[in-house]
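**Student:** Supplied in structure tokens, the structure appears directly below.
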Amino acid sequence: MTDSAVSFDSARDRSVSPVADATSGLSPLAILLIEIALAVGGFGIGTGEFVIMGLLPDVASTFEVSIPTAGYVISAYALGVVIGAPVIAILSARLPRRTLLLCLMGLFAVGNTLSALAPTFWSFTALRFITGLPHGAYFGVASLVAASMVPPNKRTRAVGRVMLGLTIATLAGTPLATFMGQMLSWRAAFFLVGGIGALTVALLWYFQPRDKVQEGASIRRELSAFGRSQVWLTLGIAAIGFGGMFSVFSYIASTTTQTAQLPVGMVSIVLALFGIGMNVGNIVGSRLADISLKGTIGGSMVFYIVVMLAFALFAHHPIALYITVFLVGCGFAPGPALQTRLMDVAADAQTLAAASNHSAFNVANALGAWLGGLVISWGWGFAATGYVGAFLSLLGLGIFAVSVSLEKRRGAA
């Protein structure tokens, strides 16, 4: 296991169980409570990131701007994620992980609460950028903490349990917050997300033991991650290979109503199927990755190519659309595996590498949406986003093959 376990202060172990885990010294109950606290934070972040999609018309109406202009707030949040993840990971190299998580989630809670109170469109946009800053660093550090508490052969499942907060958000948190925003006000939705952030701070404060700064931790050591080719290749798999999922997801509403000719009311059902698929993929992929990390990543890329082609060919048929959208959601399976692989290839610069994974996912979001929009503008139709997805997954598989090949050569040298 390449990740150095968090050094926990035994005086703060609040476990009520006498049976301690052999890796971290924490009892199974204590580990479960910490994982739940971390997952609640992921649930809040996922809800806050995606709820704006359904409330964009309301935001545009409030600030009297066009919907395309209102879309700047989505880009601002994504930009905050991309910039914040590596910058925060570098600058916080000498902070204990518990302290860093509390600061990150505190910033998230305050950012969403102030977003709900924003008086102008541009102040709202600026606040969405600020709120996006802790996103990637939180998931990266949370994954490191989760992995450090369990034996090496259970790391990815621990990471997956933290990620479960994010995937559940797509299924429950976002629809609930969207409904609240539509019934009351979009501001109410952001108050709710801010409240989830505050709850996470309380849970982490109470359940996560104090830890010490890792020996030798420094900005220079964290920056060394970007000098490792395997870190860049793994980030490349995420940034390109996952682009297909976002290409399809970005235009799924129009695919449902215009390609499959389904009523608008069925869009929520299709979105729910996507969310269910993400949760299934997260759970199954985490277990498979603990058996074979590389096999899960490579196999998922192949799976994605097949599913994306099926989506492009059969999305016009309602039943086929339901099945393929569910399977596209299942394509989240390599997410925890990629997070764990970054821990392995980053050596002792894991915080920066783990946090940057979520910057890579946001690059995938932007790339997939842009290329999907491009083929649609060429007149190929909304289902053609599946061809974009298959192409990007093929590129992701190619990057993975290069990564494995270089690793084997160095191992044989």
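What follows draws every value from the coordinates through simple rules; no lab data is involved. Worth saying up front: this structure is predicted, and the values here are computed from it rather than measured. Glycine gets a Cβ as well: all are built from the backbone with ideal geometry, and neighbour counts include every protein chain shown.
**Student:** Under the Karplus relation 6.51 cos²θ - 1.76 cosθ + 1.60, θ = phi - 60°, what is the ordered set of whole-Hz ³J(HN,Hα) values for the range 235-249, x standing for Gly and Pro?
**Tutor:** 5, x, 4, 5, 5, 9, x, 8, x, x, 4, 6, 4, 6, 5
**Student:** Take each of the peptides 330-340, 111-121, average the number of other beta-carbon atoms within 10 Å over its residues, and list them starting from the highest.
**Tutor:** The peptides rank, most packed first, as 330-340, 111-121.
**Student:** Which value, in Å³ per residue, describes the convex hull spanned by the Cα atoms of the chain?
**Tutor:** Considering the Cα atoms of the chain, their hull volume per residue is 133 Å³.
**Student:** Under the Karplus relation 6.51 cos²θ - 1.76 cosθ + 1.60, θ = phi - 60°, what is the ordered set of whole-Hz ³J(HN,Hα) values for the range 273-283, x standing for Gly and Pro?
**Tutor:** So the J values, rounded to whole Hz, are 4, 4, x, 4, x, 4, 5, 4, x, 4, 5.
**Student:** Also, quick follow-up: In square nanometres, what is the average projected area of the Cα convex hull of the range 332-387? Mind dumping the intermediate values first?
**Tutor:** Details: hull surface 17.6 nm².
Projected over every direction and averaged, the Cα hull of the range 332-387 covers 4.4 nm².
**Student:** Where in the chain is the longest stretch that carries no GluC sites (Glu not before Pro) classed as loop by DSSP and with at most 14 other Cβ atoms within 10 Å?
**Tutor:** 216-413
**Student:** Give a residue-ordered list of calculated ³J(HN,Hα) values for the range 81-89 (Karplus: 6.51 cos²θ - 1.76 cosθ + 1.60, θ = phi - 60°; whole Hz; x for Gly, Pro).
**Tutor:** Running phi through 6.51 cos²θ - 1.76 cosθ + 1.60 with θ = phi - 60° gives 5, 4, 7, x, 4, x, 5, 5, 4 Hz.
**Student:** While we're on this one: How many percent of the alpha carbon pairs in the range 271-412 exceed a separation of 23 Å?
**Tutor:** Summing the P(r) of the range 271-412 above 23 Å gives 38 percent of all pairs.
**Student:** Could you give me D for the range 139-217, from Stokes-Einstein at 37 °C and 0.692 mPa s, where the hydrodynamic radius is the Kirkwood radius over C-alpha pairs? Units µm² s⁻¹, please. Mind dumping the intermediate values first?
**Tutor:** Details: Rh = 14.8 Å.
In µm²/s, the coefficient is 221.
**Student:** Please build a GNM for the chain, connecting alpha carbons under 10 Å apart, and tell me which residue among G398, G379, G44 fluctuates the most.
**Tutor:** So, out of G398, G379, G44, the one fluctuating most is G379.
**Student:** Between the DSSP loop rule and a limit of at most 16 other Cβ atoms within 10 Å, which trypsin sites (Lys or Arg not before Pro) in the range 45-126 are left?
**Tutor:** R94
**Student:** Pairs of alpha-carbon atoms within less than 8 angstrom and 6+ residues apart define the contacts here; what relative contact order does the chain have, in percent?
**Tutor:** Reported as a whole number, the value is 25 percent.
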